[in-house]
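What follows is a set of notes on a single structure, which appears directly below.
Here, each number is a calculation from the coordinates, and none is a lab measurement. Treat the numbers as computed from the prediction; the structure is a model and nothing was measured.
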């Protein structure tokens, strides 16, 4: 009965509505108000010391561009960008986790596969654009590939590190109890690597959105990144900031969703903040 009451209380504490009215939610809302208020003030007084705010669009100008954007079929751009990012992220998740587990668990596979991947890992997404144009039959598949590249390597490296850092004591205990290699892998290695895999997924989702503008340079017509780039080319500055903030909002929302989903897969894990 006590456990059920605690679970109900925890669900209420996590609800988005109540989070807005507790001290944590109030502090976060206040931080946004201060951020945009300071931005508006610097643009109004045309602050110019180390950073020049004289030509930077103010929050009110960006808000006007946002209203204009949402009055002209915005879902065309939002949906196009979301599909590209989520498709690249989904493929990166499957490939990155699978390869990461194999590389982390089998030394022979690490010796054969990991060195070329480590050479490719530092290459920035923008450098892949010419090859993406050459390798893929359509610009759409090329854009998905760029977002895949952004998400793949954080997921891969985090998975490898998670598998390699499996507690040897737990493995020895499992072997002493007669567990077979498959059960050691399924019941000890994978659950032990889950926190690292979850971190890689969260970082990978953020990187996929980070690479969106780079990917949509390949685009012909639609997408938030393409809209931002087109506004820069035409020297229409408020939509640039609007696109940046919209990408940030969508990226933060999807990252939060991935974080919450991975938490559901690890009900045994209690973080330091949750324990306080």
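Please check: in the Gaussian network model of the chain (C-alpha springs, under 10 Å), which one of 121, 28, 221 has the largest mean-square fluctuation.
Looking only at 121, 28, 221, the biggest GNM fluctuation is shown by 28.
Roughly speaking, what is the stretch gain from residue 232 to residue 32, that is 0.36 nm per residue apart minus the C-alpha to C-alpha distance, in nm to one decimal?
Extra length available between residue 232 and residue 32 comes to 69.4 nm.
Could you work out the helix-only [θ] at 222 nm for the chain, with each DSSP H run of four or more residues adding -39,500 (n - 2.57) and the total divided by the number of residues, to the nearest 500 deg cm²/dmol?
Taking each H run of at least 4 residues, the total per residue is -24500 deg cm²/dmol.
Which angle from 0 to 90°, rounded to the nearest 10, does the C-alpha axis of helix 2-14 make with the longest principal axis of the chain?
Tilt of helix 2-14: around 30 degrees.
Compare 248, 174, 204 in a GNM of the chain, Cα atoms joined below 10 Å, and give the one with the largest fluctuation.
Of the options given, 174 has the highest mean-square fluctuation.
Of the candidates 250, 135, 194, which one comes out as most mobile in a Gaussian network treatment of the chain with C-alpha springs shorter than 10 Å?
In this elastic network of the chain, the residue with the biggest mean-square fluctuation among 250, 135, 194 is 135.
On C-alpha positions alone, give me the angle between the axis of helix 75-105 and the longest principal axis of the chain, in degrees, nearest 10.
Helix 75-105 sits at roughly 30 degrees to that axis.
Grab the Cα-Cα distance for residue 261 and residue 141, subtract it from 0.36 nm times how many residues apart they are, and report the gain in nm with one decimal.
So the extension gain works out to 40.5 nm.
With everything on Cα atoms, drop me the angle between helix 190-210 and the longest principal axis of the chain, reported from 0 to 90° to the nearest 10.
With both axes taken from Cα atoms, the answer is about 20 degrees.
Could you grab the relative contact order for the chain? Cα pairs under 8 Å, six or more apart, rounded to a whole percent.
Taking the mean separation of contacting Cα pairs over the length of the chain, I get 20 percent.
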